[in-house]
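This report concerns only the one structure given below.
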Amino acid sequence: MKQEIIKILTELRPEFDFSQSTDFIEEGMLDSFDIVALVTALDEKFGISIDGTDILPENFSSAENIETVLRKNGAK
Amino acid sequence: MGLRFTFQNKRISGVLTVLPKREVAFEEEMGNYNFSAAKSMKLKLAMGYNKHRIVDEGTNVSDMCVHGIEHLLNEGLLRKEDISALVLVTQSPEHFMPPTSNIIHGKLGLNTNILCMDINQGCAGFVIGLLQSYMLLEQPSIKKVLLMNADVLSRKVSKRDRNSNPLIGDAACITVVERSVDACVINAIANMDGRGAYALQIPAGGFKMPSTPATAEMKEDESGNFRSLDNLVMKGDEVFNFVQTEIPPMIEELLKISGKAANDIDYYLFHQPNKFMLNKLADKMGIPREKMPSNIVENFGNASGASIPTNISFNLGDNALANIYNVCLSGFGLGLTWTAVEQQLGNLSFNKIVYY
């Protein structure tokens with residue numbers, strides 16, 4: 001799942017190396033509009049709908065946090 | 001638990017949406033924002049950025065409202081002598097004084113035995129205006145209320161603000177509200193939280209911070225948007241989380257009061273800030289997305305309190321003339337305010353879009 005997440009992130013912002021970052025938000029790699037595009041791509045890829053109340057920057061600050069929110073929302 | 005309202009023997013009898021003739025495509029303005037083209041196209045799909053209707057410089061809400069009401073009068077869909085109240089909900093008043101509803105009254109040459117009222121409300125403005133209209137109709141002297149939801153906020157949005165400009169739209173909607181002996185019970189809920197009052201605002205231009213050359217100076221924010229203190233600004237993240245947190249339990253509460261299940265509602269006609277927010281709401285509430293239309297922003301832009309009646313005109317159209325639907329209307333945003341009404345909607349005398 002983590003590889004899929006990195007792949008989607010890289011498609012979204014190809015100018016960054018997401019595998020080397022510890023905090024995508026702090027390091028300015030994702031803004032709120034990127035998160036909207038990311039959620040849309042993740043929903044489509046994993047066949048889920050991430051709950052609106054989970055769409056908080058801290059849940060998308062690392063691949064591990066994204067994996068956690070995906071699993072919470074039923075991704076397998 | 002929200003503030004509850006119950007009404008009997010009242011109905012919406014017609015909805016007219018007035019849209020500006022001028023249509024601007026997202027691609028025409030894309031160069032104003034600091035998006036890459038690829039990112040812009042992704043957001044176009046997710047947020048519903050596509051095209052929006054905006055007024056020409058100098059067009060005000062009274063122009064569009066008068067155009068719409070004169071259309072109804074000329075088409076024989078409304079008689080001047082039946083109008084007892086003009087309720088205008090707007091954030092685009094023409095002046096601090098007089099009220100814009102009085103200007104509309106004067107332009108139309110209506111009788112003087114009438115009540116004119118401006119309400120300063122935004123995204124929840126249709127439901128707030130509807131509650132006010134129903135309350136006025138408790139008075140036997142009131143025959144028909146013309147509820148007008150009109151805004152030309154494109155004039156207050158920076159063209160270089162990617163947060164607001166792609167989705168803003170202008171519109172004026174005229175909703176006729178009247179008594180009906182066979183109308184079903186109407187249930188509604190209203191909530192307000194002024195602690196979030198500055199989540200959406202136009203900082204300058206009022207008495208607290210009058211507009212000056214300094215307030216008109218364009219400045220770049222941390223996301224690369226350029227706007228001045230005379231422009232509309234919103235904390236999009238806060239508003240999104242507020243909507244996702246507060247709206248589902250409010251609708252659940254309203255349905256419980258109404259004794260209805262979610263499936264009993266034919267359409268959830270909600271205010272439409274953007275497509276992404278509406279789709280997330282529908283998913284969270286377990287409502288099929290086709291029951292909660294989210295196509296107003298992509299076709300016309302978000303015209304604040306006018307988005308629900310535009311939704312009614314565009315998505316129900318002539319079907320609302322011959323049929324009756326169970327609907328849930330919900331407006332949320334500025335204030336912060338979150339409201340909802342559950343009622344029947346149908347057998348309308350008119351439900352259409354005209355252009356100004």
Quiz item: Which of the helices in chain B, when you take each full DSSP H run, stretch at least 30 Å along the axis at their Cα atoms and have an average Kyte-Doolittle score of -0.5 or higher?
Solution: B:236-258
Quiz item: Arranged by the count of other C-beta atoms within 10 angstrom, fewest first, what order do B:ARG179, B:ARG53 take?
Solution: B:ARG179, B:ARG53
Practice problem: Report, in cubic angstrom per residue, the convex hull volume of the C-alpha atoms of the range B:208-263. | Solution: 138 Å³
Quiz item: Among B:ALA322, B:ILE296, B:ILE265, whose Cα lies farthest out toward the positive end of the dipole of the range B:229-356, if unit charges sit on the beta carbon of Lys, Arg (+1) and Asp, Glu (-1)?
Solution: B:ALA322
Quiz item: Among B:LEU77, B:LEU19, B:LEU321, which one moves the most in a GNM of chain B with springs linking Cα atoms closer than 10 Å?
Solution: B:LEU77
Quiz item: For the range B:119-243, what is one quarter of the convex hull surface built on the Cα atoms, given in nm²?
Solution: 10.2 nm²
Practice problem: Run the dipole for the range B:218-337 about the Cα centre, Lys and Arg Cβ at +1, Asp and Glu Cβ at -1, nothing else charged, and hand back the magnitude in debye, nearest 20. | Solution: 160 debye
Quiz item: Can you pull the mean other chain C-beta count within 10 Å for peptide A:32-42?
Solution: 5
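All of the numbers you see were taken from the coordinates with simple rules; none came from a lab. Here the structure is a predicted model, which means the values were calculated and not measured. Heads up, the Cβs are rebuilt from the backbone with ideal geometry, glycines too, and the neighbour counts pull from every protein chain shown.
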